[in-house]
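This report concerns only the one structure given below.
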Amino acid sequence: VLTRSFGLSLTIVPQSSSGIFINKQAGQQFEVDLLLESAVEGKNNIRLYVGDEFPNGWSYSFKENGATVTDVTINGGESKSLDLFITVGSQAVYKEDGDVFDAYAKDISDSSVVAKKQLTVILAYSGGFELSSLKFRETLAPEDSYTFQLTIENKANANDKFTLSATSVPSGWRVLFINGNVFEVEAGRTLSVPIKVEVSDEAVSYTHLT
């Protein structure tokens, strides 16, 4: 999406670019080539910034000819090449639709003179999870019970939902998911889940549950 207002325009070079940047990694820095053009008469000071939708924990800087700038001077009919460096946050998580925000160029003396360019950054998805417990085995007699603490570690760079189930439960045995069996775990986080196993007085001998 390109917004042109009162003679300022901000575009990505090449102009055929969609403004969508994919397969980025947490902590990665990448460069966006921009072109600022002015049809406003005279010399104008232009403020460069990124909108409030910019993700927390990320950082950016604009550069002109290798020097970091927060504003530039441009004459009517002139164009300037700018570089926008974006550093993805070290704790950034994958989102299916990416992180969407706008880069702005605004006349310092007249805030109604503004141009913006929408940018979308999509991280590369990395999945994986791990189940662990301090104890996986317990000897139970009829009418006994034991509560296992199962730890779910979400190793993906995206929030995920996990559903626990017990299969091959023998007659007379019962598995209780005390806090439910569906859990949402944020990216890179762990969650401890209690699972209770009860044995009735009519239970048959059994070596393990899955």
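The values are calculated or read from the model by the stated rules, or taken from the named source; none is laboratory data. All values derive from a computational prediction rather than experimental measurement. Note that we place each Cβ from the backbone using ideal geometry, even for glycine, and neighbour counts take in every protein chain shown. SASA here: full protein model, heavy atoms, side chains in, ligands and nucleic acids out. Shrake-Rupley method; radii C 1.70, N 1.55, O 1.52, S 1.80 Å.
Overview of values
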read-out: Per-selection metrics, the range 16-134 (Cα): Rg and Dmax in Å; value: 17.5, 72
read-out: Whole-percent carbon and sulfur share, accessible surface of the chain, 1.4 Å; value: 45 percent
read-out: Estimated distance in nm for a label pair at E138 and S109, the labels positioned 7 Å out from Cα along Cα-to-Cβ; value: 7.7 nm
read-out: Largest-first principal axis extents, alpha carbons of the chain, Å; value: 92, 28, 28
read-out: Qualifying GluC sites (Glu not before Pro) in the range 10-70, DSSP loop, other Cβ atoms within 10 Å at most 11; value: E41, E53
read-out: Probe 1.4 Å, protein heavy atoms only - accessible area per residue of the range 91-199 in square angstrom; value: 58 Å²
read-out: Given charges at beta-carbon only (K, R positive; D, E negative), |dipole| of the range 88-210 in Debye; value: 280 debye
read-out: Distance histogram in 10 Å bins (all Cα pairs of the range 90-156, percent per bin); value: 15, 21, 17, 16, 12, 9, 6, 4, 0
read-out: Unit Cα scatterers, Debye sum, the range 138-196: log10 I(q)/I(0) for q = 0.16, 0.19, 0.20, 0.30 Å⁻¹; value: -0.58, -0.75, -0.80, -1.30
